[in-house]
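Structure first, then comments.
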Amino acid sequence: MLLPHGPHLPPVARATADAVSVYTETQPGLFQDAARSNNLPVGSQNGHSGQIKNYVLDTNVLLHDPHSVYRFADNHVWIPIEVLGETDKFKNEQSERGANARTVHRFLCRCFNQNKKLVTQGAKTPGGGTIRIAVNEFLSDLRTNKEFRRFQQNFRDLEHPDNRILAFCLYVQSKHLERTILVTKDLNMQLKALAIGVEAQDYENDKVEISDVEDYGQRTIELDPKSLQRFASSRELELEPKQAAALAANEYVFFSAGDNKLMPARHMGGGLCRRLDLPPALVNPRGVHLKPMNLGQQCFLDALLDPAIGLVTCYGPAGTGKTLLAVAAGLHLCWSGVFSGITISRPVVAMGDTLGYLPGTLDEKMKPWLQSIYDAFELLLPPNPPSDGSRRTKRNKSELNGASAHSPQLKPYEQLIEQGLVEIEALCYIRGRSIPNRYFVLDEAQQLTPLEAKTVVTRMSKGSKLVMVGDPAQIDNPYVDSRSNGLVYTRNRLKNQAITSHVCLTKGERSALAEAGASLM
């Protein structure tokens, strides 16, 4: 069943370590007739009994990935008729869920090509397995099967779609020798399945490895003192093949010579590492100059200021400076003429109850969601920047008082919005856009789904740079978790590309209280 509310937690422990197979070919229209004798159990005709598996898909899997039936290699995919009834409820929604429901219906129609034999006996998939829509025959065997009667005693409401899907899993398990596995993203459904003896798994095709999100620390490489000194003087160092084997392009590392001192470096690819190329400070002609406060922030700024890097992703707990540094670098690059302006956005996902619809223009509607970025602007562009003399300060105050008597004084970042240098973008309107020569900051990117993240990435045109920042541990979107959200998905799929870079920030700089709260609470 679909999970319309509640947090999407990591999957429960599986009954076995077998993971859902991944099939990489995704070309529609490759299905062929797979009509087989009904007297043979599935898989016995090719001698793979015990290896081929029967996967029963829950509704939420198809709504999460409409083409998920491609991901099961040479196994057999069963779609209970109840699943089609549930997807039909969402097909009219003007949302990603509604679009996915419509895609599922179109996709299945192409698979079976109006052939009723293929619908029930199975259409062959490119991986060698089959896909079929199954009518639940559980009730027909209810009188002769003790296990089915025991199921009915525990799940009396057989009109509920969840219970009918579970009953169908029991039916398939009793009729076929191969393993039957329920694939669902509903944790409660997984627990029910395991309680009645049906193996259950989460759909993990688009999830990253746990090691990619559980540790935010940068990699540290130990060097001998001479090598470190040579790197400091020449600004380059060729690593040994063993040391560079696991490094991605544009990955940031720390060099150490056995003491507590660390030197940041950037792996350019092929084992070549270079020192960071940073200005003494980010010059802000209209406000506060900014310097990185730790080595992680130095790495982040190096990636932000490099025009050759088109995508920068950053993980970091609250208070590590992700948003502030991204905005400061954007202002610096815009005033340097590298970009024509800054575009800022974030997913509209609330923490807890919302206040309902917000009145006003697009900028006014988005202001509560973008307040973290406005806070960064107010810190970098104070209303009364330091002046060169007290006489000028007094004149500025009198001018401000005179202006306030006739019209409200705009804040510096509001003036930039009026001038077009700063643009507010709502992600719900971004589809179809082409964004050239802009510096795009996407805050709280961990709230995105993989499809939404792909939509944003593919909007970037020539000369643009996309900065995605967030904390995979802080997620309010019920349809993603720490391993399946758009931020980690984008980083995982695009890592090791020459135009992408990833940085992890670990040290909080907001305040001692904020850092203690982020680490201990």
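Please treat every number below as a calculation from the coordinates, not as lab data. Just so it is clear, the model here is predicted, and its values are computed rather than measured. Here the Cβ is made from the backbone with ideal geometry for all residues, glycine too, and neighbour counts use every protein chain on show.
Are there GluC sites (Glu not before Pro) in region 82-116 that DSSP marks as loop and that have at most 14 other Cβ atoms within 10 Å, and which are they? Write out the running numbers ahead of the final one.
Working: sites: Glu82, Glu86, Glu93, Glu96; in loops: Glu93.
Taking region 82-116 and a limit of 14 other Cβ atoms within 10 Å, the loop GluC sites (Glu not before Pro) found are Glu93.
Between Leu139 and Asp476, what FRET efficiency follows from the Cβ-Cβ distance if R0 is 45 Å, with the result rounded to 0.05?
Computed FRET efficiency for Leu139 and Asp476: 0.65.
Given the alpha-carbon gyration tensor of region 69-170, what are the semi-axes of its equivalent ellipsoid in whole angstrom, ordered largest first, with each equal to the square root of 5 times an eigenvalue? Walk me through the numbers on the way to the answer.
Values: eigenvalues 143, 73, 25 Å².
Semi-axes, largest first: 27, 19, 11 Å.
How would Tyr479, Tyr55, Tyr429 line up from fewest to most surrounding beta-carbon atoms within 10 angstrom?
Placing the least packed residue first, the sequence is Tyr429, Tyr479, Tyr55.
List the trypsin sites (Lys or Arg not before Pro) in region 434-478 that DSSP assigns to loop (not H, G, I, E or B) and whose Cβ has at most 12 other Cβ atoms within 10 Å. Which are they?
Sites meeting the loop and neighbour criteria: Lys462.
Please give, to one decimal in nm, the separation of the simple spin-label points placed at Ala426 and Asp224, each 7 Å out from Cα toward the Cβ.
6.3
Can you put Glu137, Glu251, Glu414 in order, fewest other beta carbons within 10 Å first? Spell out each step's value before the answer.
Details: Glu137 13, Glu251 22, Glu414 16.
Listed from fewest to most nearby Cβ atoms, that is Glu137, Glu414, Glu251.
Please give me the summed charge of the neighbours of Glu444: other residues whose Cβ is under 10 Å from its Cβ, Lys and Arg +1, Asp and Glu -1.
Details: positive: Lys322, Arg346; negative: Asp443, Asp471, Asp476.
Every neighbour counted, the sum reads -1.
So what's the net charge close to Ala318: Lys and Arg +1, Asp and Glu -1, counting the other residues with Cβ under 14 Å from its Cβ?
Within the 14 Å Cβ shell, the charges total -4.
Efficiency by 1/(1 + (r/R0)^6): what FRET value for Lys365 and Ser256, r their Cβ-Cβ distance, R0 = 51 Å, to the nearest 0.05?
Once the sixth-power term is evaluated, E becomes 0.55.
Which of the lysines could a cross-linker bridge to Lys146, judged by Cα under 24 Å and excluding same-chain residues fewer than eight apart?
Once the sequence-local lysines are set aside, what remains near Lys146 is Lys175, Lys192.
Can you list residues whose amide H is under 5 Å from Phe90's amide H, if they're 5+ apart or on another chain and H is modeled 1.01 Å from N?
Amide H neighbours of Phe90: none.
Based on other C-beta atoms within 10 Å, arrange Leu191, Leu381 from fewest to most.
By the 10 Å Cβ count, ascending: Leu191, Leu381.
Extending each Cα 7 Å along its Cβ direction at Asp375 and Gln114, get the distance between those two points in nm, one decimal.
5.9
Give the shape of region 32-201 as rounded, prolate or oblate, defined through the alpha-carbon gyration tensor: a ≥ b ≥ c are the square roots of its eigenvalues, a/c under 1.5 means rounded, and otherwise the shape is prolate if a/b is larger than b/c and oblate if not.
oblate
Among the lysines, select those whose C-alpha is under 22 Å from the C-alpha of Lys411, and discard any that sit fewer than 8 residues away in the same chain.
Here the lysines satisfying the reach criterion relative to Lys411 are Lys365, Lys367, Lys394, Lys397.
Below 14 angstrom from the Cβ of Phe255, what's the summed charge of the other residues (Lys, Arg +1; Asp, Glu -1)?
The answer is +1.
I need the per residue convex hull volume for region 211-275, using only the alpha carbons, in cubic angstrom as a whole number.
Dividing the Cα hull volume of region 211-275 by its residues yields 87 Å³.
Between Lys91 and Gln298, 0.36 nm times their residue separation minus their Cα-Cα distance comes to what?
69.8 nm
For region 122-213, state which trypsin sites (Lys or Arg not before Pro) are in a DSSP loop and have at most 13 other beta carbons lying within 10 Å of their beta carbon.
Arg143, Arg156
I want to make sure I understand the PRE zone here: with the label point 7 angstrom from the Cα of Leu451 toward its beta carbon, which residues in region 49-83 have backbone N atoms less than 13 Å away?
Under 13 Å, as judged by backbone N against the label point of Leu451, lie 60-68 of region 49-83.
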